[in-house]
Structures are given as C-alpha cells and as structure tokens.
Amino acid sequence: MAYHSGYGVHGSKHRARAAPDPSPLFDDTSGGYSSQLGGYPAPGVDVAFNVNHLLGDPVANAAMAYGSSIASHGKDMVNKELHRFVSVNKLKYFFAVDTAYVAKKLGLLVFPYTHQNWEVQYSRDVPLSPRQDLNAPDLYIPTMAFITYVLLAGMALGIQKRFSPEVLGLCASTALVWMVIEVLALLLGLYLATVRSELSTFHLLAYSGYKYVGMILSVLTGLLFGSDGYYVALAWTSSALMYFIVRSLQTAALSPDSMGGPGSRQRVQLYLTLGAAAFQPLIIYWLTFHLVR
C-alpha cells in the first residue's frame, strides 16, 4: 500500500513538471507586420500598399487612361448629336431681343399693312439679330405669348366656373400639338416643293407662334365685350396675321435661285405660302372659341 502511495505521489510530481505552459489567447501584434507569423498586416499598411501597387501598375494605369478616353469620346458624341438637333447658338439668336424690338414687333403683328421692307437684313452673310432687324423672326414673343395664352385660358375658364387642371392642361397640350402639326406640314411642303431657302425649324416655329398674340387679343376682347367683340377682334387679328405670314414667308422662302426656276415651281411655292396663311384663322378660332361665351 505504501509503495502504491509513493508511486502515486511521484507520478503526480512528474506530470506537474512535464505539463507545458498554457498558450496565450491572443497573438502579440505589437511588433508590427514583420513580427507576425501568418497574420494579417495592419490596416494602414495594407491600404498604403494597395494604393501604391495600383498606382505603380502599368496595366491599371492603361485601363484608367482608356476609360477616360472612352468617357471623353462618349461626351463628344452626345454633344455632337445634341447640337445636330438643337443648336444652342442658333437658339440664342432667336432670343436676342430687347424692349424696343418687342414693342415694334407687336405693333407690326397687329397692324402690318404700312410696313414696306420685309427682307431680313444681313451683315457679312450673317442675318442680323432680332434686336437689330425688325423683320428677323424670334422665339421670345411666341414663347411669352403661349404662356400668356395658357394663363388667360385659365382665367376665362375660372370666370365661367369651368376651370379644372385637366381642362387647362388640355388647352395647353392642344395648342402645342396644333403648332407641331403646322410646322411639320410646312416642312413637308417645303421639301416637296423643293424650295431653296434659309428657313429652318426655328423660323417656322417663330412664324407659327405669332398667332398666340392674335389669340390673346381675341380672348381679351371677348371677355370684355362679349361674343360680338370676340368675332370683331378675331377677324382683325386673323387678317393681320395672314398678311404678315404671306409677306414674311414669301420673302424668306423664295430665294433668288428659286425665283428663277420654272413657273410651276413658283406657283407651288405661292400656294404653299397662301395655304399656311389661310390656316391661321382656323387654328385661332379652334383654340379660342370655347373660352368666350
């Protein structure tokens, strides 16, 4: 019994001396990246290493340069296509107006019968801006007149207790649709008649938008003096606009080359101009008669 007891004590002491030291729960990372065996580098060192490696990689630099060139090329293509349909410089030309021009142009639209020279003036083969030439078409008056027409339509509908956002939106959209149809019809007519002129889509929009001035005067007169005043103002503004359209388009559409062409072509051009002018009273009446009761 004593032997077994001594053996047990001796074995316990041997096991106590042979037991290894317990391993630490966490590795010591105070020595930095070089002292770690199989560990991860410090975050700051890793980011700096990756950035330096990326900037120093010729393949990455080539890819970045190629991407920049593609983006620049795409931007140039977008600008080219945008200027193909809408030229900013040409659009600025149609808004180059001042107060004196607007006042004189409104007077010309209301009473054009005493105006003599209808030709657009040029300087070094470049047409003068509207502020310098009364005969030059502009988009400022049509734009402001359209906005005024929409506001006046809302007021007229409100006086008649028929105002609603839907009805007002229908008036505005109908006016825009008719103007687009008119411009497309004129472009098609000019193409079929093979007219050589300087008329562009902006020119046709300007001439088509001048009708809103007559529409405003007709509706205002109708609200002040009733239906009789409306029809009198409609007749006056329609005849004035027809005269203005005929003289303006005849001068702008008939270039010297086309004037010397066959007589049949000149007749087609004259019919086109008269048709565009005769269409104006119909549109004015269609867009304003329901506003006056």
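Conditions tested, residue by residue: (1) of a type outside the set (D, E); (2) open to solvent by less than 70 Å² (accessible area, probe 1.4 Å); (3) under 30 Å from L199 (Cα atoms).
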| site | (1), (2), (3) |
| --- | --- |
| L128 | yes, yes, yes |
| D138 | no, yes, yes |
| T143 | yes, yes, yes |
| Y149 | yes, yes, yes |
| G154 | yes, yes, no |
| G158 | yes, yes, no |
| V167 | yes, yes, no |
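Pairs linking a residue in the stretch 87-104 that is over 14 Å from L139 (Cβ atoms) to a residue that is part of a loop (DSSP other than H, G, I, E, B), with Cβ atoms under 6 Å and 6 or more positions apart or on different chains, are D98/R131; K104/L134.
Within the stretch 194-205, residues that are within 14 Å of L139 (Cα to Cα) and aliphatic (A, V, I, L, M) have Cβ atoms under 7 Å from residues that are open to solvent by 40 Å² or more (accessible area, probe 1.4 Å) and at pLDDT 70 or above in these pairs: L204/L187, counting only partners at least 6 apart in sequence or on another chain.
Sort through L187, L205, L224, L176 and tell me the only one that's open to solvent by 70 Å² or more (accessible area, probe 1.4 Å) and within 29 Å of the chain's Cα centre (by Cα).
L176
Within the stretch 151-167, the set of residues being farther than 22 Å from S227 by Cβ, of a type outside the set (D, E) and part of a helix (DSSP H, G or I) comprises just one member, P165.
Checked against (1) more than 20 Å from V102 (Cα to Cα); (2) open to solvent by less than 10 Å² (accessible area, probe 1.4 Å), Y212 passes all but a single condition, namely (1).
The values are calculated or read from the model by the stated rules, or taken from the named source; none is laboratory data. Bear in mind the structure is a predicted one, so any value in this text is a computation, not a measurement. In this analysis, Cβ positions are derived from the backbone assuming ideal geometry, glycine residues included, and neighbour counts consider all displayed protein chains. In case anyone asks, the SASA skips ligands and DNA or RNA and just uses the protein heavy atoms, side chains included. Shrake-Rupley method; radii C 1.70, N 1.55, O 1.52, S 1.80 Å.
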